[in-house]
Amino acid sequence: MNDAVEQLAGEVRKNWGWMMFMGILLVVLGAIGLYMSGMTTLVSVLYIGIMVLAGGVLILIDAFRAEGWKAKIWDTLIAIAYVAAGIIMIVPLTKTLKK
């Protein structure tokens with residue numbers, strides 16, 4: 001256990017410059033994120049909307065692979081809900097971001 005800690009400490013000492021750079025970079029990017037909180041909110045909601053839309057498409061594809069008609073119907077309904085939620089998230093934001 002002691003050898004592992006010493007080896008890790010040696011790696012940290014050897015790469016301290018990169019760790020300092022990454023720490024400063026993260027502080028700067030965090031400050032920019034706080035300064036632009038409105039824009040970062042819009043972009044993050046847009047990203048989540050794209051992920052939800054993609055998930056809906058994948059669930060719809062999976063619905064064709066499901067066994068039994070009940071599973072196909074439920075998968076299709078869930079996929080439609082996901083796609084609708086993704087569109088509801090994306091469409092108003094694209095209009096907002098174009099302004």
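Below is a table of values for the structure above.
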quantity: For the chain: relative contact order, % (alpha-carbon pairs under 8 angstrom, 6 or more apart); calculated: 28 percent
quantity: Computed label-point distance, nm, for sites MET36 and ASN15 using a 7 Å Cα→Cβ extension; calculated: 2.8 nm
quantity: Spatial separation of Cα centroids for the range 61-99 and the range 1-34, in angstrom; calculated: 41 Å
quantity: For the chain, size of Cβ-based charge dipole, Lys and Arg +1, Asp and Glu -1, in debye; calculated: 560 debye
quantity: Calculated [θ] (222 nm, deg cm²/dmol) that DSSP helices of n ≥ 4 give over the chain, each run adding -39,500 (n - 2.57); calculated: -32000 deg cm²/dmol
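Where a number appears in this text, it was derived from the coordinates with a stated rule and is not lab data. For clarity, every value in this text was computed on a predicted model and none was experimentally measured. Every residue, glycine as well, gets a Cβ built from its backbone with ideal geometry; the counts of neighbours run over all protein chains shown.
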